[in-house]
Amino acid sequence: MRLVPSIFILLLLPPFLRAQQEAAPAAPAASTPQKPAGETKTPPPQHRPKIGVALEGGGAMGLAHIGVLKWFEEHHIPVDYIAGTSMGGLVGGFYATGMTPEAMQKLIEGLDWRKILGDRTPYEDLSYRRKEDQRAYPNSLIFGLKHGLSAPEGLIAGHQIGLLIDRVALPYYGISSFNDMPVPFRCVATDLVSGQSHVFQEGPLAVALRSTMSIPGAFSPVRAGKAVYVDGGLLDNLPTDVVRQMGAEIVIAVHLEPAPVEAKDIRTAFSVLNHSVSAMLKENELRSLELADSIVSVPLGEFTTVDYAKSGPIMQRGYEAARAKAPMLQAFALSDADWDAFKQARKARQRPELPVPQFVRIEGASARGEEYASHYFRSFLDKPLDTAKLDDVLTRMTGVGRYDSAGYWLTEENGKPGLLVRVVEKNDAPPTFQPAFEVDGSQAGNVDFTMGTRFTFTDIAGFRSEWRSDLLLGNTYGIQTELYRPFTADSRWFFAPHADASDTTFQIYAKNDPLADYRIYRINIGGDVGYSFGRFSELRFGYEVGSLNNKLRLGTPQIPAVQGRVGQSRLHCLLDHTDDPVIPRRGFSAESNFRWFDQSPGATGGFPSMDLKLGYFQPITHPASLFVEGEGGSTFGTKSTGIPQFFLGAPLRLSAYGQNEFQGNQYYLFRAGFVRDLLTLPPFVGKKVYAVGAYEIGKMYGITTGSDLPDDAAVGFLAETAVGPFFIGGSVGDSGHRKWFFQLGRVF
């Protein structure tokens, strides 16, 4: 289960340590020997000591390093060497590429940190099949079955942060040493295989930066050869020793000071473990501080390692900490002329231009996977590289469900530049196991519960084929299975044989009063032929045969009790351009089913049935959006259908009315409302909490319940949690209809 007991602990790995700052000695002035009388020889130039900066890891608090470097730049403090760990390594690496602190600040403030830390592929970028999974099971509980039931190596695959790193590191492909960067650079990771620190000083820069910030349990580790790299903060969170080994004569340590620990704060298992880890890390930081010639301590007591939304104040705190050390740091400042010369030398080592890729090579995928994925990248050949477009394509690759992450850098073969795409296959999947459950409290005094599981196996009948099976227990007992098989490996045409069997409780209420309790038994087998238009839409046509049996268990009859064969042809079309499976904020959707029943129990002959549902969602301000939905269905005048084909009365389907209070063969329903953000949940708890309001009006022809045109207004609160959506609200309608209701999760 993708729960997060370790993420909040491990994101807090940088120790809560308050170190006594040590003032650095002023740079020693070179002595000038006495010249003999009459000698006019020019004195030798003074030696400027080389300055190295060590940046500490600290999650969001590490963004304070940007403020420190900004003050250094403004006051002409040269940085000849830079090294860092975790977030310190990330900031140091970006600075080493020649990126200015101002550019880093602009980049950081423009990032969607929820998207980066949540690291889930956006709904719009999922493949059509994965969107179907999210609509049916709208939660983040996905487990791999590749090596038995298992969880992934990290709660965050690192795809989004990896794309950011790839974009910044891209110009520095193929450098033989990090000494060749505008600012010589090192970063520290921990190799879990050897149990030792590893200092990156060469190789792909993106791999080094991704490794140094791979917090164990939070981010998936980076595998390179026989090594498995995680966050370097485990063994060397403030790499002053590394800076010294690079050749620095003056070492400046930037230390992050969190809030002091108090006994009253240690009351849970998480806090005990967190502070235990912090105590273990104190010793290596104390050694690091002892190796520094001067220390810039940044007081960050009111911030935490996950306060990325407060990046502005954190960076400002770093700037102010450097300014407080001005009397000490000014001793290292260069004159205007020397500073200009220093910047020119640094700029000369920058790589502002990228070569045009002439080929694409893919690593990490199977042979069939590489062949199929190559068509994603044909448009990137022989033209300047569009990294924004490339990011979108790589994200859509992860939306297929095969890969945890996808990244890129440039390479050369036979003197020609090319694009190297590296994908990381899921270590625990496929196959996958996805649980879900539904608690339906839409009727007072009667709460229904159904638990569901979905098993998905891939490539069992050829590349891109899927065998997907659902098992349901509770209010509905059932099983359904489908084999999805494209005609060829890269074909949009497919066929899909399927079968299902179910035993469902079906209740009919008038207001809050139960009228009838039925048990409906279904068995079906059939097959479809379809065409996929991409990740947004699909068209299917097929035939299905089976049996239907509904029995009255309690109450008075409301619909006929029937039993017999069912045969139907079906045309199904779905178009989904929305941005969320539960509560879309923008986009539109359309779904239609046309059926021709050649036989149905209780019907005197064949008959048609069609339904259509449309939705449009539009943001109006940053926290709010409006929606309009309409749906309807008809049997085109046929009345002898055995049992009614359509039902109304349930949350968001005339919410104030009793469950299935309306039954018939022709209806329409319109709904319009608003959604407004109320608060944001922690990334691994869920997404957001919304206020929802809607007005509904509809009609089921041939039935009245005190109103020819039933309508109601419904309001409530919806939370998108990791285990599924939770909704609680109430509705008031005409003719005395009103009720409170809640729902948790959704199976179908």
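Could you check how much of the accessible area of the stretch 563-616 is carbon and sulfur, as a whole percent, using a 1.4 Å probe? Write out the running numbers ahead of the final one.
Values: 1430 of 2500 Å².
Using a 1.4 Å probe with all protein chains present, the stretch 563-616 comes out at 57 percent carbon and sulfur.
Can you work out ³J(HN,Hα) from phi for every residue in the stretch 351-356, in order, using Karplus 6.51 cos²θ - 1.76 cosθ + 1.60 and θ = phi - 60°, giving whole Hz and x for Gly and Pro?
10, x, 10, 10, x, 8
Can you give the local net charge around residue 74? Use residues other than it whose beta-carbon is closer than 15 angstrom to its beta-carbon, Lys and Arg +1, Asp and Glu -1.
Computed value for this residue: -1.
Percent of Cα-Cα pairs more than 19 Å apart in the stretch 671-723, please.
Details: 670 of 1378 pairs.
Looking at the stretch 671-723, the distances longer than 19 Å represent 49 percent of pairs.
Using only DSSP helix segments of four residues or longer, with each worth -39500 (n - 2.57), what per-residue ellipticity at 222 nm results for the chain after dividing by its residue count and rounding to 500?
Mean residue ellipticity at 222 nm (helix-derived): -5500 deg cm²/dmol.
With every protein chain in place, what's the accessible area of residue 114 (1.4 Å probe, Å², nearest 10)?
Taking all protein chains as shown, residue 114 has close to 80 Å².
Whenever you get a sec, compute what percent of the accessible area on the stretch 427-491 sits on carbon and sulfur atoms (1.4 Å probe).
65
Roughly what angle does helix 269-290 make with the longest principal axis of the chain, taking Cα atoms, 0 to 90 degrees, to the nearest 10?
Orientation of helix 269-290: about 20 degrees from the principal axis.
Provide the packing ranking of 47-53, 147-153, i.e. peptides ordered by the mean count of other C-beta atoms within 10 Å per residue, highest first.
Highest-to-lowest ranking by the protection proxy: 47-53, 147-153.
Count the net charge of all other residues whose Cβ sits under 12 Å from the Cβ of residue 350, scoring Lys and Arg as +1 and Asp and Glu as -1.
+3
Calculate the all-directions average of the projected area of the stretch 79-235's alpha-carbon convex hull, and give it in nm².
Quarter of the Cα hull surface area: 11.0 nm².
Calculate, for the chain, the solvent-accessible area per residue in square angstrom, rolling a 1.4 angstrom probe over the heavy atoms of the protein chains.
44
Beyond 33 Å, what share of the Cα-Cα pairs of the chain is found? Please give it as a whole percent.
59
Skipping prolines and chain starts, which residues have an amide H placed within reach, meaning under 5 Å, of the one on residue 400, given they are 5 or more residues away or on another chain?
Those qualifying (amide H under 5 Å, at least 5 residues apart or on another chain) are 127.
Where Rh is the Kirkwood radius over the Cα pairs of the stretch 361-470, the temperature 4 °C and the viscosity 1.567 mPa s, what D in µm²/s does Stokes-Einstein return? Spell out each step's value before the answer.
On the way: Rh = 16.9 Å.
Diffusion coefficient, whole number: 76 µm²/s.
Rounded to whole Å, give me the distance from the Cα center of the stretch 471-523 to that of the stretch 616-632.
Centre-to-centre distance over Cα atoms comes out at 29 Å.
Out of all DSSP beta bridges with both ends in the chain, state the antiparallel percent to the nearest 5.
Counting only bridges with both partners in the chain, antiparallel ones make up about 90 percent.
Could you pull out every one of the lysines with an alpha carbon less than 18 Å from that of residue 106, ignoring same-chain neighbours closer than 8 positions?
Leaving aside lysines fewer than 8 places away in the same chain, those within reach of residue 106 are 70, 115, 310.
Would you kindly work out the equivalent ellipsoid of the stretch 616-660 from its C-alpha gyration tensor and give its semi-axes, the square roots of five times the eigenvalues, largest first in whole Å? Present the calculation step by step, with values, prior to reporting the outcome.
Numbers: eigenvalues 210, 43, 5 Å².
After scaling each eigenvalue by five and taking roots: 32, 15, 5 Å.
Expressed as a fraction of 2.2 N^0.38 Å, the rule-of-thumb size for a compact globular protein of N residues, what is the C-alpha radius of gyration of the stretch 123-165?
1.39
Sorted by mean Cβ packing within 10 Å, highest first, what order do the peptides 194-201, 429-436 take?
The most tightly packed comes first, giving 429-436, 194-201.
As a test question: what accessible area, to the nearest 10 Å², does residue 61 have when a 1.4 Å probe is rolled over all protein chains in place?
10
In sequence order, what are the phi-derived ³J(HN,Hα) couplings for the stretch 79-86 according to the Karplus relation 6.51 cos²θ - 1.76 cosθ + 1.60 with θ = phi - 60°, rounded to whole Hz, with x for glycine and proline?
Values per residue, Gly and Pro as x: 10, 7, 9, 9, 9, x, 10, 6 Hz.
If I ignore ligands, DNA and RNA and count only protein heavy atoms, how much of residue 579 is accessible to a 1.4 Å probe, in Å² to the nearest 10?
30
May I ask for the angle, rounded to the nearest 10°, between helix 387-398 and the longest principal axis of the chain, with both axes built from Cα atoms and the value confined to 0 to 90°?
Roughly 50 degrees, rounded to the nearest 10.
Taking the Cα atoms only, what angle lies between the long axis of helix 336-348 and the longest principal axis of the chain, rounded to 10 degrees?
On a 0 to 90 degree scale, this one is about 50.
Within the set of other residues whose C-beta is less than 13 Å from the C-beta of residue 422, count the net charge using Lys and Arg as +1 and Asp and Glu as -1.
For residues surrounding residue 422, the net value is -2.
Stokes-Einstein diffusion coefficient for the stretch 424-491 at 25 °C in a medium of 0.890 mPa s, Rh from the Kirkwood formula over Cα pairs: what value in µm²/s?
The estimated diffusion coefficient comes to 174 µm²/s.
Beta carbons within 10 angstrom, averaged per residue: use that to sort the peptides 179-192, 389-402, 331-344, 415-428, highest first.
Those peptides, ordered most packed to least, come out 179-192, 389-402, 415-428, 331-344.
HN-Hα J couplings of the stretch 419-430 from phi, Karplus 6.51/-1.76/1.60, θ = phi - 60°, integer Hz, Gly and Pro as x?
9, 9, 9, 10, 9, 10, 5, 4, 7, 10, 8, x
What is the pair-distance distribution P(r) of the stretch 633-748, computed from all Cα-Cα distances in 10 Å bins starting at 0, with each bin given as a whole percent?
All Cα pairs considered, the percentages come to 14, 37, 29, 15, 4, 0.
With bins 10 Å wide starting at 0, give me the P(r) of the stretch 433-554 over every alpha carbon pair, in whole percents.
Histogramming the stretch 433-554 at 10 Å steps yields 12, 31, 30, 19, 7, 1 percent.
The values are calculated or read from the model by the stated rules, or taken from the named source; none is laboratory data. This is a predicted model, so every value here is computed, not measured. All Cβ positions, glycine included, derive from the backbone under ideal geometry; neighbour counts span all protein chains shown. Please note that ligands, DNA and RNA were not included when accessible areas were found on the heavy atoms of the full protein model with its side chains. Shrake-Rupley method; radii C 1.70, N 1.55, O 1.52, S 1.80 Å.
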